[in-house]
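Peer 1: Please read through the structure below; I'll follow up with questions.
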Amino acid sequence: MATIYLDHQATTPPDPAVVEAMTFAATHCYANPASPHAAGIRAFREVERARGAVARLIGAARSEICFTSGATEGNNLAIKGVVTPGERRHVVTTAVEHKSVLDSCRSLRDAGHEVTVLPVDAEGRVSARQVAAALRPDTALVSVMLANNEISTIQPVAEIGAVTRAAGVPLHCDATQGVGALPVDVRALGVDLLTFSGHKIYGPKGVGALYVSNDLSDRAPLAPLLHGGGQERGLRAGTVNTTAVIGLGAAVGVLTARREEESARLAGLRERFLSTLAELVPYELNSGTGPGFLPHAVNLSFEGADAQQLLLEVTDIAVSTGSACNSAAQEPSHVLMAAGLSPERIRGSIRVGLGRFTTEEDVVRAAHALAAGVSSRAVRAA
């Protein structure tokens, strides 16, 4: 029987429309989009078509979109592009950010800048009031994610944006987990920089987008990480990955057409999964399921369980014990630790992420498989 894939926060399978678009691109748009001949111009037009689709998705102008290799590069470029070497500056972020944000901030600290990492409440949320209290005259940047990749918490980015705008401080938002499930408008959020990846929205790996507001570019242009041919308006040197960019544009098109309906469907499947599981084995929720959380994901713990070992034994479902970026290091989740969970509860925690191709049968089977694994381990431990 096929594995049930429920790890959509780590990555999503490409939509058939994306595969079709990328096949077309690889066959017909292989020319360098910077070349002046007809084939190059054709590739350039397709890249710009995708740029327009991304811009419309988030309420931006085409001139504000820079293609990257993904959110990790975008986060590095956004943070290090604003806080450049030289005069020492101050950065504010939160304890539950993705490692690409936290490690970028750590590199700034190593270079002599100051970084304030704000704590979160038990739901993993930071408040606009906390951000306001952390701002200083030398604050160069605030970075707060839209939605968390482990516990699905949606941050009050629009409220934080009002604070940073009033203070004249740029706001960066890693929207990687939120853009596929939530309506995202950069003007309404009040952000100056926003990042996301294609592979989280049923697009290809190796491509993402960085929004840089024209207002920020006019006031203080970002310093690029890569230098060379001046592609992407000077922000990212290197030949554009045309095939991946066209795939991203196709993914955005599919997403735009069905996001609201799909979010409601997945929220219903999540409730079915949890109610089925509750009938079979006890568990504790580590994330909420209300309007302040993503609709398609949940984090939960089984008392006394070792989640790493459990998932090695329950081989017919694919779920995670936390961020895929941390799994190789086998480190406890910094997100669950920041939310105040005990080491025992963290050790028994798993993350379940439903997706576009998940069915009701899938979630029922997954609940039974997990419950059987937990019960089997409990019997052996007894």
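Peer 1: What size of dipole, in debye to the nearest 20, comes out for the range 126-271 about its Cα centre when the only charges are +1 on Lys and Arg C-beta atoms and -1 on Asp and Glu C-beta atoms?
Peer 2: 140 debye
Peer 1: Under a Cβ-Cβ cut-off of 15 Å, what is the net charge of the residues other than Leu189 that fall near it, where Lys and Arg count +1 and Asp and Glu count -1?
Peer 2: -4
Peer 1: So with the 1.4 Å probe, I'd like the accessible area per residue for the chain, rounded to whole Å².
Peer 2: Averaged over the residues of the chain, the accessible area is 42 Å².
Peer 1: I've got another one for you. Can you list the residues, at least 5 places off or on another chain, whose amide H is less than 5 Å from the amide H of Thr68, using H built in the peptide plane?
Peer 2: Long-range HN contacts for Thr68: Gly208, Ala209, Leu210.
Peer 1: Further, regarding this structure: At 4 °C and 1.567 mPa s, grab the translational diffusion coefficient of the range 59-141 from Stokes-Einstein with a Kirkwood Rh over Cα pairs, rounded to a whole number in µm² per second.
Peer 2: 93 µm²/s
Peer 1: If you don't mind, there's one more thing I want to ask. Evaluate the charge dipole of the range 231-382 about its Cα centre and quote only its size in Debye, nearest 20, assuming +1 on the Cβ of each Lys and Arg and -1 on the Cβ of each Asp and Glu.
Peer 2: 360 debye
Peer 1: Here is a further query. In the chain, what is the volume of the convex hull around the alpha carbon atoms, normalised per residue and reported in Å³?
Peer 2: 134 Å³
Peer 1: Please give the charge dipole size of the chain, origin at the Cα centre, charges +1 on K and R Cβ atoms and -1 on D and E Cβ atoms. Round to the nearest 20 debye.
Peer 2: With Lys and Arg at +1 and Asp and Glu at -1, about 780 debye.
Peer 1: In the range 205-309, if the dipole is taken from +1 on Lys/Arg beta carbons and -1 on Asp/Glu beta carbons about the Cα centre, which of Gln308, Phe293, Ala251 is farthest to the positive end?
Peer 2: In the range 205-309, that residue is Ala251.
Peer 1: Right, next: Can you give the three extents of the C-alpha atoms in the range 1-128 along their principal axes, from longest to shortest, in whole Å?
Peer 2: Answer, in whole Å and largest first: 51, 50, 26 Å.
Peer 1: Across the chain, where is the longest run that never hits GluC sites (Glu not before Pro) in a DSSP loop with at most 11 other C-beta atoms within 10 Å?
Peer 2: 88-278
Peer 1: Separate question: Can you return the lysines within cross-link range of Lys99? Criterion is Cα-Cα under 17 Å, with same-chain partners fewer than 8 residues away left out.
Peer 2: Lys80, Lys200
Peer 1: With all protein chains present and a 1.4 Å probe, how do Asp362, Asp316, Asp174 order by accessible area, largest first?
Peer 2: From most exposed to least exposed: Asp316, Asp362, Asp174.
The values are calculated or read from the model by the stated rules, or taken from the named source; none is laboratory data. Predicted, not measured: the structure shown is a model, and the values here were computed from it. Backbone-built Cβ (ideal geometry, glycine too); neighbour counts: all protein chains shown. Only protein heavy atoms, including side chains, enter the accessible area calculation; ligands, DNA and RNA are left aside. Shrake-Rupley method; radii C 1.70, N 1.55, O 1.52, S 1.80 Å.
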